[in-house]
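Following: one structure in structure tokens, then a few remarks.
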Amino acid sequence: MCGIAGYYQFNNRQSNDRRTLERMIYPVMHRGPDGFGFFIGQTVGLAHARLSIVDLEGGWQPIANEDRTIWIIFNGEIFNYPELREGLLARGHTFSTHSDTEVILHLYEEKGKDCLADLNGQFAIAIYDSNKQSLFLARDRMGIRPLFYTLHNGSFYFASEIKSLFNADPALPREIDPRVLSEIFTFWSPAGTETVFTGVKQLLPGHCLEVTSTGVHEPLCYWSIPFCPDEPGRRSEQEYAAELRELLIDSVRLRLRADVPVGAYLSGGLDSSAITSLVKHYTKNPLKTFSVTFADKVYDEAKEQNEMVDYLGTDHHQVACSYQDIAAVFPQVIWHTETPILRTAPAPLFLLSKLVRRNQYKVVLTGEGADEVLGGYDIFKEAKVRAFIHAQPDSDLRPQLLKRLYPYLAMSPTKSAEYARRFFATDADVSDLFYGHRPRWKTAAGTHVFLTDHVLAQDRDPVQGLGYLQNDLQGLDFFNRAQYLECKVLMANYLLSSQGDRMAMANSVEGRFPFLDHRVVEFAGRIPTHYKMKALNEKNVLKQAVADILPTGTVKRKKQPYMAPDILSFFGEAEPDYLDYYLSESLLTEAGMFKPKAVDKLLGKCRQKSKQGFKENMAFVGILSSQIVYDKMIKNFKIDTPESLDNVKVVS
């Protein structure tokens, strides 16, 4: 796992050189603290910061092919690289390393962009082909690893993180895109290719991009999440469960491949427990596990974690997280997310990855992705119940089912069936492509009262940003549409980014995701909806697949999604001093995103009573994180790059 950065120069200016590459790669040295590598060509420069996991001695990048006409830098892991390497050797390729990176390079020689279909992994790739004078970029199918780019003053810049782009050229504009800010305050994340910074884009999951002397070509989609359920009755639940188990066993085995020890996150819930138990039962990998506990018992799962530790006999390590801990690291967390967030949930994960690194581990398996692809979230239950109610809108009994949603929330909107009915009410019917997500978006959009008229005046409804997904949603039922949206928007742009890659890599830790093996995802897309969620029993097929290797209580336990205290973390006995700066009238006015009087009123409510509702919690965290983004990434952005970097292994 690493950080990558580089440029493609269109006008043959001489300002792009190694110093530019140093300025770009230094800000992401947390992603690759083991050393740096550079390639400098006539029009292209490549930079790499290395986190050594595979081929510790020989896997330094950039790597070239036999005649040094093609160069690669790579962030990620290709889990099936030994098998791919054998085939390439049999076809006459010569290798100079034992790394997975070089396997990609030789596959690209043979197949061009079609090589991506062979890769089982998580990756962001940049390949320079001097024969074609082209730069090829690609991102993994699910969007586990990030890749950003921008075009400025005759140069195309790309990098693992946005701060590298901003450090490449002091003249590169840095400003907030109000349309994307509105999307974040609706969907919890950007909707598509745009980021919160004007002119900075992300390469979407499952996409690749070519840059040549003629310009930046249109990104191409090489893979998309397939939701195409089998016909009912074609296979039994037990058959689906058996195949899912075999796929997960192989996925776990592949993701244990490394030349360093691999640990696992163990939250106490079904997903991480299933992954850890598969490691225990089907591999010889030593089990070291890590988890976060909370002082606030509403969010704490220490009891469930300890039960699994006892059951599996793992060498377990926990980090305790208080309100003050979350507040203390929050500005640092936002420096790494590089985007506003509406929840504090990334902060404890930042502390968790720090614990992993303190224990001298670089790699952990996690249970992320199971809820999205196998039907685990209450938002899917919610859609199912709402559709059931819409079928008989005059029924007094059907709305009672809403009371079974969100039982883990201290201030659940479902305590009263009538209130829940109003809370979840929208104008949408089941045929609406966004039916399952309308209530969530409606609640989040309540935060728009804090946005300034300038932001609200932008001429785009946030939902327009999802237009690129409409064709993919056609023909799916409301349940699969909700799954698809959750994968494409929230999971890719928030869970795998702000909560995933950014929090782990902030401490030089690589997360691996067995549930997001593309074979598992493709198989899950074939499981009929009524098997994924049987009545209101979420992840039904997964539960059957792992029932005999987990305690009964873990399998039957009601889902409690990972969350962290929001407003409670910032008010009370230890209110952080930085609130007075970030939420001051002067900085709010200067940033121009939020109404100072409305923010001041919200602050007053929080200080009088720190327990607030959904809208207030999202609004406060969103406003604070946006102001930190403005201050750190725009107003006071500065990264002093040393005159020379240490441990530079490759310069070409």
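Computed from the coordinates by the stated procedures, all read-outs in this text should not be read as laboratory data. None of these values were measured; they are calculated from a predicted model. Here the Cβ is made from the backbone with ideal geometry for all residues, glycine too, and neighbour counts use every protein chain on show.
Numbers at a glance
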item: Cα-projected label distance for residue 175 with residue 637, points at 7 Å along beta-carbon direction, nm; result: 1.3 nm
item: Karplus (6.51, -1.76, 1.60) ³J(HN,Hα), θ = phi - 60°, over segment 85-99, in Hz, Gly and Pro reported as x; result: 5, 4, x, 5, 4, 5, 8, x, 6, 10, 10, 9, 9, 10, 8
item: Part-to-part distance (alpha-carbon centres) for segment 505-572 and segment 136-195, which is given in Å; result: 29 Å
item: Proximal lysines relative to residue 354, as straight alpha-carbon distance under 25 Å, when same-chain residues fewer than 8 apart are discounted; result: 163, 280, 288, 297, 303, 362, 632, 638
item: Check: the chain dipole with +1 on Lys, Arg Cβ and -1 on Asp, Glu Cβ, in debye; result: 1280 debye
item: Per-selection Kirkwood Rh - segment 56-142 (Cα, Å, 1 d.p.); result: 12.9 Å
item: Signed unit charges on C-beta, dipole axis of the chain, positive-most listed residue 591, 76, 508; result: 591
item: Modelled FRET efficiency - R0 45 Å, residue 131 with residue 56, Cβ distances, 0.05 increments; result: 0.90
item: Potential lengthening between residue 647 and residue 605 on full extension [0.36 nm per residue; Cα-Cα distance subtracted]; result: 10.0 nm
item: For residue 301, residues with placed amide H under 5 Å, excluding near neighbours; result: 294
item: Helical contribution to [θ] at 222 nm, DSSP H n ≥ 4, -39,500 (n - 2.57), averaged over the chain, rounded to 500; result: -10500 deg cm²/dmol
item: Diffusion coefficient, µm² s⁻¹, Stokes-Einstein with Kirkwood Rh over alpha-carbon pairs of the chain at 4 °C and 1.567 mPa s; result: 51 µm²/s
item: For segment 54-95: rounded, prolate or oblate by the Cα gyration tensor [a/c cutoff 1.5]; result: oblate
item: For residue 365, residues with placed amide H under 5 Å, excluding near neighbours; result: 263, 264, 265, 512
item: Extension gain (nm, one decimal) between residue 597 and residue 536, 0.36 nm per residue minus Cα-Cα; result: 17.6 nm
item: For segment 505-580, the spread of Cα positions along each principal axis, largest first, Å; result: 52, 30, 24
item: Mean projection area, nm², convex hull over Cα of segment 2-223; result: 11.7 nm²
item: Where labels lie 7 Å past Cα in the beta-carbon direction, separation of residue 236 and residue 296 in nm; result: 4.6 nm
item: Length-normalised contact order for the chain - Cα pairs under 8 Å, 6+ apart - percent; result: 18 percent
item: Estimated dipole of segment 2-223 in Debye, rounded to 20 [Cβ of Lys and Arg +1, of Asp and Glu -1, Cα centre]; result: 580 debye
item: Segment 183-262 shape via C-alpha gyration tensor axes, a/c threshold 1.5; result: prolate
item: Listed residue (332, 622, 59) projecting farthest to the positive dipole end of the chain, Cβ model; result: 622
item: Zone of residue 113's modelled label, taken as backbone nitrogen in segment 212-231 under 18 Å from a point 7 Å along Cα→Cβ; result: 212-225
item: Relative packing of peptides 203-211, 150-158, 230-238, 448-456 - highest average C-beta neighbours within 10 Å first; result: 203-211, 150-158, 448-456, 230-238
